[in-house]
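Asker: Here you go, one structure.
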Amino acid sequence: MLDEHDPEHGHEKDLHCPLDQATKAAPSTEESITAPQTHNREIKVGDKAPDQYKRDDQAVKDWKAKGLPAPEKESHWVRMGDHYVLVQITNGVVLAIRSAS
């Protein structure tokens, strides 16, 4: 589903797409994903990830080998389905989404 608001009326374009369309987006960053653990709730940058993704045992340890940039302070990369998601450890906010393929 693509939701576009008219910028002439003071609204920015707001792109929301299901996971299968998100994987066709640019390989470096993604707008949003639908993670199976969220009961098909869409997650996008700025949203709060489910609490389990704040735990250190969920962190992708070999982020450099996977071609991911260094995580920001107080954050780590986690795997959600076919995506890597940069999650802030302190509050669970999603900082970035990258395709795993």
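Asker: Looking at the range 40-60, which of its residues are within 14 Å of Ile89 (Cβ to Cβ) and either over 15 Å from the mean Cα position of the chain (by Cα) or not in a loop (DSSP other than H, G, I, E, B) (or both)?
Answerer: Of everything in the range 40-60, those that are within 14 Å of Ile89 (Cβ to Cβ) and either over 15 Å from the mean Cα position of the chain (by Cα) or not in a loop (DSSP other than H, G, I, E, B) (or both) turn out to be Lys48, Asp51, Gln52, Tyr53, Lys54, Arg55, Asp56, Asp57, Gln58, Ala59.
Asker: Can Trp63 be described as part of a strand (DSSP E or B) and either within 13 Å of the chain's Cα centre (by Cα) or modelled with pLDDT of 95 or more (or both)?
Answerer: No, not satisfied.
Asker: Name the pairs whose Cβ atoms lie under 8 Å apart, with the first residue in the range 71-95 and among the charged types (D, E, K, R), the second surrounded by fewer than 18 Cβ atoms within 10 Å (Cβ to Cβ) and assigned to a strand (DSSP E or B), and 6 or more positions between them or separate chains?
Answerer: Final answer for the pair search is Glu72/Leu95; Asp82/Ser99.
Asker: Something else about it: Sort out which residues of the range 69-99 are hydrophobic (A, V, I, L, M, F, W, C) and either farther than 18 Å from Lys44 by Cα or surrounded by fewer than 15 Cβ atoms within 10 Å (Cβ to Cβ) (or both), and write them in order of number. Even if it seems obvious, please write down each step before you answer.
Answerer: Kept after step one, since they are hydrophobic (A, V, I, L, M, F, W, C), are these residues of the range 69-99: 70, 77-78, 80, 85-87, 89, 93-97.
If the condition is that a residue be hydrophobic (A, V, I, L, M, F, W, C) and either farther than 18 Å from Lys44 by Cα or surrounded by fewer than 15 Cβ atoms within 10 Å (Cβ to Cβ) (or both), then Ala70 is the only one that fits.
Asker: Take Lys13 and tell me if it is exposed (fewer than 12 other Cβ atoms within 10 Å of the Cβ), at pLDDT 95 or above and out of contact with any strand residue (DSSP E or B) (no Cβ under 7 Å at 6 or more places or on another chain). Spell out the reasoning first.
Answerer: Numbers: exposed (fewer than 12 other Cβ atoms within 10 Å of the Cβ): yes; at pLDDT 95 or above: no; out of contact with any strand residue (DSSP E or B) (no Cβ under 7 Å at 6 or more places or on another chain): yes.
The answer is no for Lys13.
The values are calculated or read from the model by the stated rules, or taken from the named source; none is laboratory data. This is a predicted model, so every value here is computed, not measured. FYI the Cβ positions are ideal-geometry reconstructions off the backbone, even for glycines, and counts take in every protein chain you see.
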